[in-house]
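Enquirer: Could you have a look at this structure, given as structure tokens, before my questions?
Nothing in this text is a laboratory measurement; each read-out follows from the coordinates by a stated rule. Remember, it's a predicted structure, so these values are computed and weren't measured experimentally. When we count neighbours, we look across all protein chains shown, and the Cβ atoms used for this are built from the backbone with ideal geometry, even at glycine.
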Amino acid sequence: MPLSLLIWLPAVSGLVAVLWPARWAPRVVLAGSVITLVLAIGYVASFDRGAEGLQWVTDETWIAELGIHYKLGLDGLNLFLVLVTALLFAAALLHANLREWERPRLFFFMFALAESAVLGAFLAQDLALFVAFFDLMLIPFYFLIGAWGRGERVRATTKLVIYTLVGSLFMLAGAIATGVIAAEGGGELTFVLSDLAQVQLAEGTQQWIFLCFALAFLVKMPLFPVHGWMPDGYRAMPLPVLAVFSAVLSKVAAYGFLRVVLPLYPDASVHFQELMLLLAVAAILYGSVMAFTQTDLRLILGFSSMAQLGFIVLGIFALRPEGAQGALLQMVNHALVVVPLFFVVGALAARAGGSEDIRDMGGMAARAPLLAATFLIAALANLAMPGFANFVGEFYILLGVFESKLAIAIVASTGVVLASVYMLRAFIATMHNRAGSRAESRELSLGEGVAIVPLVVCVLALALYPQLPLARSEKSIDASVRTAQAVQR
């Protein structure tokens, strides 16, 4: 079965929804997303964990004069990221179906286009194609925030576009330079990642191209100190949009380090290793402290996500297989955990007169035990409580960093403690503190439960068997970090 079907099915369902009556648009796009999820599950079920390299490869010449190929493939690096993307977009579209939207056909078309763009970025095996999908992701989110956001959505959208466009322009320059410089000396111009990995660029060239890609990826995550768009953006986004943005789009950037940067620019990865580790530690500490000082639940989760992404970058630039494997597992873990947490935010706000401030909540646990239980499970997973897969991911990350940079690992370990502080504070304030003046305690509705509970079940299932993604990613992770490890030696 061609991977193109997996990528473009959501966008096609969005186009169909535009042509159907408005009342059917949400259901048509949701159906397309659910079918995409079924296809993704099929790829995972039939994945050959013993095989080397890419599987289900599609490779067609797209623009022959520029050496650009429409090349797609699945391996251990992107297998579970594709599955999680399909799952979380389906859950977010289900959540979006619970309320009415202005111009629903356009809203759900943009949502579907966003899913296709993210899946394309994960599956692309050509550098130019990866950049195209990476930039395509911005377009639907520009409209989803600007047209359907809340509060100062215009300001938030403007900041998001400026930050991400600057980063994307640098990445585009780096991608073009990689293909052109690799072709010098009589070689063919190509942007296929496997071909570029066979060409050793000069160390100085690698360094400035590395910085171009790093800027684009760090802005998209976002990571301290290029996170200026994040507070306004998180406040303005519609909740289903914010859930997938925080869970999935940030992972495309982290995935780019593993798929593109480490294999193509190994000398630069080693050269800038300490810089990236220091930025990761700064993000962990800054994000944790800011999460503790916030009262807006959205921003608590936003800065918490920054801290978690700091751990992911830490694992990648440990330049050890253990650290990178932990980073990949943590990408899956965080994506699975943060979406139900944002849905819980929506459920709590609906019981607090629309407010998402923890000071307006409280007393929910007594009369809403299912809501309290789902929040508690997701919160404990997010703070990496032993017994959850998040603990396994952070353990692998810290193991890799301890083997690479002991001092940085010791400082980063404090982030584990800080996570327990801000997550437990948020849970206690919303569930056990004295109820706010506008707070009312009632259990999850059927629609809220259908959107939240299955994701919490997935979190528990991965906690029971984290080996599922670990075993299938091991060979691909080794291949990704192998060249950088050789440079270190």
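Enquirer: Could you sort 120-129, 372-381 so that the peptide with the highest average Cβ count within 10 Å comes first and the rest follow in order?
Expert: Those peptides, ordered most packed to least, come out 120-129, 372-381.
Enquirer: Let me ask something additional. Rg over Rh of the chain, using C-alpha atoms and the Kirkwood radius, what does it come to?
Expert: When Rh is taken as the Kirkwood radius, the ratio is 0.95.
Enquirer: Working from Cα positions, state the angle (0 to 90°, nearest 10) between the long axis of helix 3-19 and the longest principal axis of the chain.
Expert: Tilt relative to the chain: about 50 degrees.
Enquirer: Okay, next question. Taking the simple approach of a point 7 Å from Cα along Cα-to-Cβ for both THR293 and ALA173, what is their distance in nm?
Expert: 3.3
Enquirer: Now for a different question. Mind pulling the angle between the C-alpha long axis of helix 138-148 and the longest principal axis of the chain? Nearest 10 degrees, somewhere in 0 to 90.
Expert: That works out to roughly 20 degrees.
Enquirer: What is the gain in length, in nm to one decimal, between GLN55 and ARG482 on full extension, counting 0.36 nm per residue of separation less the C-alpha to C-alpha distance?
Expert: 151.7 nm
Enquirer: Please give the contour-minus-distance gain from GLN467 to ILE139: 0.36 nm per residue of separation, less the Cα-Cα distance, rounded to one decimal in nm.
Expert: That works out to 114.5 nm of additional length.
Enquirer: Which part of region 254-279 falls in the paramagnetic zone of ILE181, meaning amide N under 20 Å from the point 7 Å along Cα-to-beta-carbon?
Expert: Only 256-276 pass the distance filter.
Enquirer: Starting from the 7 Å offset along Cα-to-Cβ, what nm value, one decimal, do you get for the label separation of VAL199 and PHE395?
Expert: 4.3
Enquirer: Further, regarding this structure: At a Förster distance of 22 Å, what's the computed FRET efficiency of HIS432 paired with LEU460, Cβ-Cβ distance as r, to 0.05?
Expert: Given R0 = 22 Å and the Cβ-Cβ separation, E is 0.45.
Enquirer: Within 15 Å, Cβ to Cβ, of ALA268, how many net charges do the neighbouring residues add up to if Lys/Arg are +1 and Asp/Glu are -1?
Expert: So the environment of ALA268 carries a net charge of -3.
Enquirer: How do the peptides 170-182, 442-454 rank, highest first, by the average count of neighbouring beta carbon atoms within 10 Å per residue?
Expert: Per-residue mean Cβ counts within 10 Å order the peptides as 170-182, 442-454.
Enquirer: Another question about this same structure. Between HIS271 and GLU474, what is the label-point separation in nm under the 7 Å Cα-to-beta-carbon projection?
Expert: According to this spin-label approximation, the distance is 3.5 nm.
Enquirer: To the nearest 20 debye, what charge dipole does the chain have about its Cα centre, counting +1 at the Cβ of each Lys and Arg and -1 at the Cβ of each Asp and Glu?
Expert: 1560
Enquirer: Another question about this same structure. On C-alpha positions alone, give me the angle between the axis of helix 273-293 and the longest principal axis of the chain, in degrees, nearest 10.
Expert: 10
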